[in-house]
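Asker: Mind having a look at this structure? Questions to follow.
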Amino acid sequence: MTALVHATALVRTFGTRRAVDDLSFSLDAGDCLALFGPNGAGKTTALRLLAGLLKPSSGTATIDGIALPATTARVRVGLISHRVMLYDALTARENLRFTAALYGLAAPEDAVQRALEALRVADRADVPVRALSRGLQQRVAIARAIVHTPDVLLCDEPYTGLDEQGGVALTALLRERREAGAALIVVTHNLQEGLALATQAAIMRNGRFVRHEPSAGVDPLRYAAEYRDLVA
Amino acid sequence: MTDPTRGILVSAWVIARKDLAIEFRTRSAFLSAIVFTLLSIVVFFFAWDPTAVGPLDLAPGVLWVTFTFSGMLGLHRAFAVEARDGAMDALLLAPVPRESIFLGKLLANLAFVLGVQTVALPAVSLFYNLPLGAAALPIAGVLVLASIGLVSVGTLFAGMTANTRMTELLLPVLALPFFIPVVIPAAQSTADLLAGRPLADVFVWLRILLAFDLVFLFACTVAFPFTLED
């Protein structure tokens, strides 16, 4: 069976610096990889490689066997970044409509409304994004990333700016997507949050996995202590 | 479910519509370009000595110099809206061919430039007391042909310079030399048409414009995806 996400010896260099260095892993449907690491460890670069936004210097990344950045692979990926990736002059609904149109969704209005409701931002959907708070913008950004119900959801510090209600909505959404068979990669600095969602956990440092294991049975407190030792 | 096989033109239209909606909502670049255009025409008018140069000799040059520089304002805007908050990443992640991003931007830029020209042409005609009359329609054709060429090259360079630190400086430095082969036939054919020469006399210039449009529209569309490589 083909893994939904498969990275083989991924390397990405910027000049002489190896931002991602020999990264290999697989995720099946319903898997969630929690990716931890200090700033500059290469987590965001890894996600950009898996989104097809960066070309690897060597190695391959595939989505359900299709090599990135093929259109048929990208269509199955959703990306939540720490940047909101929205047009601030447009409303939340217009931003999502634009995304739905780019993805050629069959019932765009239904998909847009569903995504807005999932993030509990439907009541502010017709307000220009620039008039929303940072937290509400982040909710709209997440709604934009899931409007096409991607099979692979890449989340780069998705809880940034979210209040408690937004965090709860996001956690519920990620669980729901995982149970529906999506593969998730969640980059976060919150170990408890990441481990609670994950089926696999990995720690990155200097572009490499220095630790990668199934997360079942991992004690969060002990993991946190070992994490501090590893990245110190 | 999604249909990733949709055509380049459909995706381009979606992107152009979004850009025009943003410009319609903010009107910042369009109003700036209109004000710049009218001010330029006024400056040229007051610097003009009618006893030395006739209006028919000066007006085409004023018209095309003004169009060329005001168009730059629209070209800057095209990719600035994508750079803010990382929206370009969402566009690149979407299952649309890179060429459709270029064509979408080109369509929006073309609408922007033609919008500016619909204000500038009557203004030049008014200031220089030009008899547009029967020449209005052929001149409109020249404007459209020349705009396609200018916008094709300009959109490519706007995309290339969008992520550089000196985009406002680099874009005109790179694009203006490529605009010369468009501005010369455009100004010449405008002068001929304003002077009342028959359409057959300007065909040679129109053919140059058409050839430039075809070559650069194709070349810039093909080259654009390479400007997005990291």
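No lab work stands behind these numbers, since they all come straight from the coordinates. Treat the numbers as computed from the prediction; the structure is a model and nothing was measured. Cβ coordinates were reconstructed from backbone atoms using ideal geometry, including for glycine residues, and neighbour counts include every protein chain displayed.
Asker: Other chains near B:8-15: what is the mean number of their Cβ atoms within 10 Å of each residue's Cβ?
Answerer: 2
Asker: Next question, about the same structure. Once the cut-off is 35 Å, how many percent of the Cα-Cα pairs in the protein assembly as shown end up in the long-distance tail?
Answerer: Numbers: 43151 of 106491 pairs.
Roughly 41 percent, once rounded to a whole number.
Asker: Follow-up question, since we're still on this one. Answer rounded, prolate or oblate for the stretch A:7-121, using the Cα gyration tensor with square roots of eigenvalues a ≥ b ≥ c: rounded when a/c is under 1.5, else prolate when a/b is larger than b/c, else oblate.
Answerer: Details: a/c = 2.12, a/b = 1.77, b/c = 1.20.
Prolate, because a/c is 1.5 or more and a/b exceeds b/c.
Asker: Let me ask another. Can you pull the mean other chain C-beta count within 10 Å for peptide A:95-101?
Answerer: Values: counts 3, 0, 3, 10, 6, 2, 10.
Mean number of neighbouring Cβ atoms from other chains: 5.
Asker: Can you give the charge dipole size of the stretch B:8-227 about its Cα centre, rounded to the nearest 20 debye, using +1 on the beta carbon of Lys and Arg and -1 on the beta carbon of Asp and Glu?
Answerer: Values: 11 positive and 12 negative charges, 79 e Å.
My answer is approximately 380 debye.
Asker: Computed on alpha carbon atoms, what radius of gyration and Dmax characterise chain B, expressed in Å?
Answerer: For chain B, the Cα radius of gyration and maximum Cα-Cα distance read 18.4, 69 Å.
Asker: Counting only other residues whose beta carbon sits under 10 Å from that of B:Asp89, what net charge do I get with K and R as +1, D and E as -1?
Answerer: Details: positive: A:Arg48, A:Arg83; negative: B:Glu82, B:Asp85.
Overall, the nearby charge balance is 0.
Asker: Just the Kirkwood number for the stretch B:96-224, please: inverse of mean 1/r across all distinct Cα pairs, in Å, one decimal.
Answerer: Numbers: mean 1/r = 0.0640 Å⁻¹.
Kirkwood hydrodynamic radius for the stretch B:96-224: 15.6 Å.
Asker: Below 25 Å, Cα to Cα, which lysines can A:Lys43 reach? Residues fewer than 8 away in the same chain don't count.
Answerer: Counting by Cα, and skipping residues close in sequence, A:Lys43 has these lysines nearby: A:Lys55.
Asker: Compute the angle between helix B:8-26 and the longest alpha-carbon principal axis of chain B, please, reported from 0 to 90 degrees and rounded to the nearest 10.
Answerer: In chain B, helix B:8-26 runs at an angle near 70 degrees to the longest axis.
Asker: A further question follows. Averaged over peptide B:81-91, how many Cβ atoms belonging to another chain are found within 10 Å of each residue's Cβ?
Answerer: Values: counts 4, 2, 0, 7, 11, 8, 9, 2, 7, 16, 4.
Shielding by partners across B:81-91 averages 6.
Asker: For B:Lys18, give me every one of the lysines with a C-alpha distance below 17 angstrom, ignoring sequence neighbours fewer than eight places off in its own chain.
Answerer: B:Lys105
Asker: Can you give the log10 of the normalised intensity I(q)/I(0) at q = 0.27, 0.30, 0.33 Å⁻¹, computed with Debye over equal Cα scatterers of the stretch A:185-227?
Answerer: -1.08, -1.32, -1.49
Asker: Please state the equivalent ellipsoid semi-axes for the stretch A:5-231: what are the square roots of 5 times the Cα gyration tensor eigenvalues, largest first, in whole Å?
Answerer: Output for the stretch A:5-231: semi-axes of 28, 20, 16 Å.
Asker: How charged is the neighbourhood of A:Val129? Take every other residue with its Cβ under 12 Å from the Cβ of A:Val129, and add Lys/Arg as +1 and Asp/Glu as -1.
Answerer: On the way: positive: A:Arg93, A:Arg124, A:Arg130, A:Arg134, A:Arg139, A:Arg144, B:Arg25, B:Arg84; negative: A:Asp88, A:Glu94, A:Asp126, B:Asp85.
So the environment of A:Val129 carries a net charge of +4.
Asker: Continuing with this model, one more query. Taking square-rooted eigenvalues a ≥ b ≥ c of the alpha carbon gyration tensor, is the stretch B:58-164 rounded, prolate or oblate, where a/c under 1.5 means rounded and, failing that, a/b exceeding b/c means prolate? Don't jump to the answer; show the numbers that get you there.
Answerer: Numbers: a/c = 3.25, a/b = 2.41, b/c = 1.35.
Prolate shape, in that a/c is at least 1.5 and a/b is the bigger ratio.
Asker: Sum -39500 (n - 2.57) across every DSSP H segment of at least 4 residues in chain A, then divide by the residue count to get the 222 nm mean residue ellipticity, nearest 500. Please report the intermediate quantities before stating the final value.
Answerer: Values: 8 runs with 82 residues, N = 232.
Dividing the helical sum by the residues of chain A leaves -10500 deg cm²/dmol.
Asker: Rg to Rh for the stretch A:147-220: what is it, with Cα atoms only and Rh by Kirkwood? It would help to have the intermediate numbers written out before the result.
Answerer: Working: Rg = 12.7 Å, Rh = 13.2 Å.
We get a ratio of 0.96 for the stretch A:147-220.
Asker: What whole-number value in cubic angstrom gives the convex hull volume per residue for the C-alpha atoms of the stretch A:96-232?
Answerer: On the way: hull volume 17.9 nm³, N = 137.
Normalising the Cα hull of the stretch A:96-232 by residue number yields 131 Å³.
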